[in-house]
Structure formats: C-alpha cells, structure tokens
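All remarks here apply to the structure that follows.
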Amino acid sequence: MGKRSVIPYGPQHPVLPEPIHLDLVLEDEKIVDVLPSIGFIHRGLEKLTEKRDFNQMVYVTERVCGICSFGHGYGYCDTVEHIMNIEVPDRAKFLRTIWFELSRLHSHLLWAGLMADAFGFENLFYQCWRVREKVLDVIELTTGGRVIFSVNKVGGVLKDITPEMQKAILEMLDYVEKETKVLEKTFMNDYTVQSRMKGVGVLTKEQAHALGCAGPFARASGIATDMRMRGYAAYGELDMEPIISNDGDCYGRCEVRIGEIYQSIDLIRQAIDKLPDGELAAVVKGNPNGEYFMRIEQPRGEADYYIKGNGTPNLDRMRVRTPTFANLAGLCEVLKGADYADVGILAVTIDPCISCTER
Amino acid sequence: MTATEGKNEIIAIEPGELSVKAMEMKSKGLRLSQACAAWLRKEEKLELSYSFVDDETYDMFNVRISLDNDKRDTEIASISDIFPYAAFYENEMRELFGANIKVINLDLHNKLYRIEEETPFVPKKEGQN
C-alpha cells in the first residue's frame, strides 16, 4: 500500500466551473476515497415563496440556474398548471418545446467547450463556444434575453415566435448542425482526446442505477430513461428516442451529449414544422390549492419539482431537485480508483451545476 | 412517439414504516428520485416526501410522512443504508426543516449548506429555545 494523503480540491479551482469541495484521499496518484461538500452558494430561493406570490415565483425559479433557466421556469409553471387544472394552448406548448430545446442546444455546446478546456484543448473550447454564440443570438432574437429568457408564465408564454424568427432559427440550426459535425470528428476520433476519455471514470449500468444517477450521465451507462418520453409540453407530438451509450466512461458521456445536440436540432425542426396557430396563454383565475410532483428533462438530466399550494397567493412549498444533486453520488463513485490527473475531467463529465444544486 | 406519463401517486405512511417501504421500493427495482420536507403554515404540519421512480414505466410513488406540530420531533430512521445517496436529501431535510432523522450514513451535522443564520427555518414550538 502506498502512502495515503488527503488533498482538498476546490471550491475554487481552475478546472471547476462552479464551487464544489472534494476531499480526495489518495494512495500515491490513485484516488481511494472522496468526501464531497457543497454549501458555498446556497441562496434560499425556495424559501422566497413566503414573500413572493406564485406568479412572481416564475422569475425566481428561472434564476435557480443561468444555463437551464428556461427549464426551471417551465417546470415550475407546468407544476402549478397541473394543480390549477389549466389547459395550456397548443401553440404555447410547442413554443415552450422550441425554447426548451434551444436551451439544451446551448447547454450541451457549453459543456463540450468546458470538457475541451478540462482536457487542455483550448482551441476546441473556443470553437464550441463560437458555435454556441449563434444559438444565443437566436435566443436573444426570440426572447430578448441571452441567459434568462423570461417568456414563461403560469398558463402559457409571454411571447410568440414569428415566421421571420422561425426562418432565423432554421438557418441557425443548419449552421450548428454543419459545425457540430466538424467538432464531433475531433471529440470522437482524435487520438489525443480519446486517450483522455476512453476507459476513464467507468460507471456500469448497475452502479448508475444503484447510485440514482440521472440524465446524460445515466444514459451514457446504458439507462434508457429520458423524461421527455413522458410527453409533457409538445414532446408527445414529436418523434424521439433516448440516446444512450453502453461505454459508461467519459467518452460515452461525450457521445451521448453530442448525439443530443443533433436530437435537439431535429426536435426544433419538427416543432416548427408542426407549430399550430392559436392563443399564447390561458386565463388564470384564483390561487393554487393542492400539490403535484413533476419531472422534466433538463439539459443536465432529470429535474424534479414539487409544489404545494394552500389557496393563498403564497405557496406552502416550492421544491426543485436538480440533476447535479442526483449525480453527486455517481461523481464520487467514478472518482474512486481514478488518477489524480483525471479529477478535473471527471468533475466536468457530470456537467455539474452547483448553483442549481444549492438553490 | 408514444408518450408514457406514468403513475403519480402519494402513499401516506407512519414514521416507523419508512424503512420497510424503502426496502419494498428497492426490491421492485425503483430508484429514489428525491426526498424533501414541507412546512404547512396553515395546518402547522411537517411533511416528509420520499419519491421513488421506475425508469422503464416512468411511474412515481411519493411516500409521505405527516407530522403534526406536537409530533414533529418524532424520530425517523434514515434510509441511507438502503439508498446511500438519500444521505444528501436527509441532511437537507434535517438542516432546513428540523426533521429528526437519525443515523444518516454521511452525517454533515446540519452544515450541508453552511448557512450563517440559525437553522432550521420552521417556527419554534412553544417553550423551545
């Protein structure tokens, strides 16, 4: 047995996009145990339900995260709509789906860039984020915001996507698809990139299930579950199947996310093709009185929302369980047995969002 | 595609039944999706919800423990020996809502979130310091 030492990793570290602290127990260069800790950026957003009414809380939930902001706003609205039995107009459902997939597109490209940065390929990082800019431009064109969309409301959406905007979206999709094919070649075929990802941080299907992993992290281990298959928003009207890999390593996670970029492009095209005419929002009367558990597929994986209303404008409880919260146990597992040099890549491989996690 | 919304049920149980229920869910191959607490201001009740999900059928079973204000200190055995990752959720429920969850396998002693203010955030009971 080699000499054991404990190395603190984070919360501030060049490769960590967000603050998480890991106490790594090492035997020489191998990690034998990990103790994670969070809690550096807890903001108490759920507790704000005591001070903000249920309509204002839409804007609070959008601020749970700067990357999957739209999804949080959507998840919250959909949960309240279930409690209040609101029938959202079909056009609003399709518009929500388009924005949701635009959000996934830019999130996965952001992750690809961070991953490239983590294994030291700065040029690839720049290229990923250059392509992502085009998605952000379209988000700005259709919503007015690049990070926080603020187009959701309880009952529907606040803005429409005009035919001119649809044309701009379709042109952007052609561009992103073409550029992603170039990026994909490097991520999937480059020898140096493969050497940093293949066989690194393997998580079997059984381990992923036993540790409660979610999203692309779980799908890369062969678990074919994707909350979009539940058919919320307009997903029930579109053709899709969960994208999985059976490798269970960093390469497999990358493969799944790149596959999901193409999937999002396809879903947006389908949604624009089938976009119905009609109202943007239903009329909302009264206050939520009841409870509902909702699950949606955020770019980073399954997110759970729980809302309990008491008939007043202020909810009793608004709870968000984010994908990273579910993937922390999986991260600790893949770190065990890994080389110290791979910690950065493995931390990024779950696409961590700690500000989401701590809310 | 064929949408599969799945069941979404709430199952009320007594505090002492949680471990048995968790074992039952695990034996069916279900995954713990989340666990959370809620303080109901009007009724003055603490509710704990453990959500178990089936990844194939998308069914969701929410196991619910309701504790009246005078019984909210009732001891609840952690399920972190059955679902190890429940530890994060249970630390959160104890720190923010004061749920009296015992024997969590990764006990962070009410410091999961490093909050400067005194926790939990539920109102104190009569005579409580």
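Any read-out appearing in this document is the output of simple, stated calculations on the displayed coordinates, not a laboratory observation. The model shown is predicted, which means the values in this text are computed figures rather than measured ones. Please note: Cβ atoms are built from the backbone with ideal geometry, for glycine as well, and neighbour counts cover all protein chains shown.
When chain A is treated as a GNM with alpha-carbon contacts under 10 Å, the residue of A:205, A:274, A:185 showing the greatest mean-square fluctuation is A:185. Among complete DSSP H helices in chain A, those whose alpha-carbon atoms stretch at least 27 Å along the helix's long axis and whose mean Kyte-Doolittle hydropathy reaches 0.0 are A:90-118.
Its relative contact order, with pairs defined as Cα atoms under 8 Å and 6+ residues apart, puts the stretch A:1-129 at 14 percent. Under the convention that each Lys and Arg Cβ holds +1 and each Asp and Glu Cβ holds -1, the size of the dipole of the stretch B:8-102 around its Cα centre is about 120 debye. Averaging Cα coordinates gives a centre for the stretch A:1-73 and one for the stretch A:187-223; these two points are 21 Å apart. GNM on chain A, alpha-carbon springs under 10 angstrom: the most fluctuating residue among A:335, A:173, A:35 is A:35. Each of the peptides B:12-25, B:41-54 was scored by the mean count of other Cβ atoms within 10 Å over its residues; in descending order, highest first, they stand as B:41-54, B:12-25.
Among A:225, B:119, a tally of other beta-carbon atoms within 10 Å of each Cβ gives an order, fewest to most, of B:119, A:225.
Convex hull of alpha carbon positions in chain B: directionally averaged projected area 9.3 nm². The alpha carbon centroids of the stretch A:287-359 and the stretch B:6-23 are separated by 22 Å.
Computed about its Cα centre, the charge dipole of chain A is approximately 680 debye, with only Lys, Arg, Asp and Glu carrying charge at their Cβ. A Cβ-based charge dipole, computed about the Cα centre of the stretch A:264-359 with Lys and Arg at +1 and Asp and Glu at -1, lands at about 400 debye.
Per residue of peptide B:30-40, the mean number of Cβ atoms on other chains within 10 Å of the residue Cβ is 6.
Between the residues B:67, B:18, B:83, the greatest Cα displacement towards the positive end of the dipole of the stretch B:8-102, with unit charges on the Cβ of Lys, Arg, Asp and Glu, is found for B:67.
For chain B, the relative contact order comes to 23 percent (Cα pairs under 8 Å, sequence separation of at least 6).
Please give the helix B:18-27 orientation as an angle from the longest Cα principal axis of chain B, in degrees from 0 to 90, rounded to the nearest 10. Rounded to the nearest ten degrees, it is 20.
Of the residues A:301, A:44, A:145, the one that moves most in a GNM of chain A with alpha-carbon contacts below 10 Å is A:44.
Cross-link check: pairs A:181/A:205; B:71/B:124; A:93/A:153; A:308/B:45; A:159/A:285; A:134/A:181 evaluated at a Cα-Cα cut-off of 18 Å; pairs beyond the cut-off: A:181/A:205; A:159/A:285. Once Rg and the Kirkwood radius are both taken over the C-alpha atoms of the protein assembly as shown, their ratio Rg/Rh works out to 0.96. Note on A:93-106: average number of Cβ atoms from other chains within 10 Å of each residue's Cβ is 0.
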